[in-house]
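Below: one structure, written as structure tokens.
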Amino acid sequence: MLTAVYKSSKRANTYLYIEKRDDFSKIPDPLMDTFGTPLYVMMFDLSKREKLGIADIKLVQSELTEKGFYLQLPPKEENLLEELKKQNGVDSV
């Protein structure tokens, strides 16, 4: 399964995986508006990979098959202040 990957021009660490290079016909317009101009990153054969960086390869394959695209969002960042509050039993600072 050939897969093209694009980086968002508007959102850091946000990537769009699609089935065909430069074919954004299956991407909903609101998503494209939020994603911005897609910046081509690479193309690879997903079926020859055992894993991907932070994305679940089975989920990527499933989404590509069902929807024609997969959107990879950045992982949530830890809020260190909130973690410190929890550890110390503090409600607000």
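Quick look at the numbers
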item	result
Label point distance in nm, Asn79-Tyr40, each placed 7 Å from Cα along Cα→Cβ	4.1 nm
Answer label for volume of the Cα convex hull per residue in Å³ (calculated), chosen among [x] 106; [y] 138; [z] 171	[y]
Restricting the stretch 16-91 to GluC sites (Glu not before Pro) in coil, as DSSP defines it, with at most 15 other Cβ within 10 Å	Glu50, Glu77, Glu78
Ser47/Asp22 FRET efficiency (R0 22 Å; Cβ-Cβ; nearest 0.05)	0.60
Length-normalised contact order of the stretch 2-88 in % [C-alpha pairs under 8 Å, at least 6 apart]	37 percent
On Cα atoms only, tilt of 57-66 relative to the major axis of the chain in degrees	50 degrees
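Here, each number is a calculation from the coordinates, and none is a lab measurement. Keep in mind it's a predicted model, so treat the numbers as computed, not measured. Heads up, the Cβs are rebuilt from the backbone with ideal geometry, glycines too, and the neighbour counts pull from every protein chain shown.
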